[in-house]
Amino acid sequence: MTENPTGEPREPGSQWYDGEAGPLVRPYAMTGGRTQPGPTGVRFDLIALVTLDPAAPALDDDTALGPEHRTLIDLCRPETQSVAELAADADLPVGVVRVLLGDLLELGCVTISRPVPPARLPDERILREVIEGLRAL
């Protein structure tokens, strides 16, 4: 047996359990030691939008997916989520979520899109003119 910081002996394996937080799993264990989302070349910004692909293959019997992958899929099932929302809702670090999303993207389970930047949105003045023109018809 080893000793904890207070000098009390602790049981083997107890370093993986925190009385307040529960079982501890290191992020690198969830990603298999990977820190990059894979060879897809897609950047997972915090505001990137993740949508469950309706044409995704059936995942019920896929053993390649871990519980964290399934959590992300379940979170995307009802609606599109941002990477930041997924990380917060899954209670996982953003880096881990990015790697897991890379796996899901490679499997064809999710699609990634980005919000339209404000500079590319049409000018409000033009939209008002269009509305006024339609009303004049």
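Apply the Karplus parameterisation 6.51 cos²θ - 1.76 cosθ + 1.60, with θ equal to phi minus 60°, to every residue of the stretch 75-81 and state each ³J(HN,Hα) to the nearest whole Hz, in sequence, with x for glycine and proline.
5, 7, 4, x, 7, 5, 10
Neighbour counts of other C-beta atoms within 10 Å: give me 82, 113 arranged from fewest to most.
Numbers: 82 17, 113 10.
Sorted ascending by nearby Cβ count, the order is 113, 82.
Considering the zone a paramagnetic label at residue 42 would reach in this model (a point 7 Å from Cα along the Cα-to-Cβ line), which residues of the stretch 65-99 have amide N under 13 Å from it?
Residues 73, 81-83, 98-99 qualify, since their backbone N sits under 13 Å from the label point.
Spelling out what I want: for every residue of the stretch 95-111, take phi, set θ = phi - 60°, compute 6.51 cos²θ - 1.76 cosθ + 1.60 (Karplus), and round to whole Hz; glycine and proline get x.
Using θ = phi - 60°, the values come out as x, 5, 4, 4, 5, 5, 5, x, 4, 5, 5, 5, 7, x, 7, 10, 10 Hz.
Sorted from fewest to most neighbouring beta carbons within 10 Å, what does the list 97, 116, 83 look like?
Numbers: 97 29, 116 9, 83 21.
Final ranking by Cβ density, sparse to dense: 116, 83, 97.
Read-outs throughout are calculated quantities, based only on the coordinates presented, and are distinct from any laboratory measurement. Values in this document were obtained by computation on a predicted structure and should not be read as measured data. FYI the Cβ positions are ideal-geometry reconstructions off the backbone, even for glycines, and counts take in every protein chain you see.
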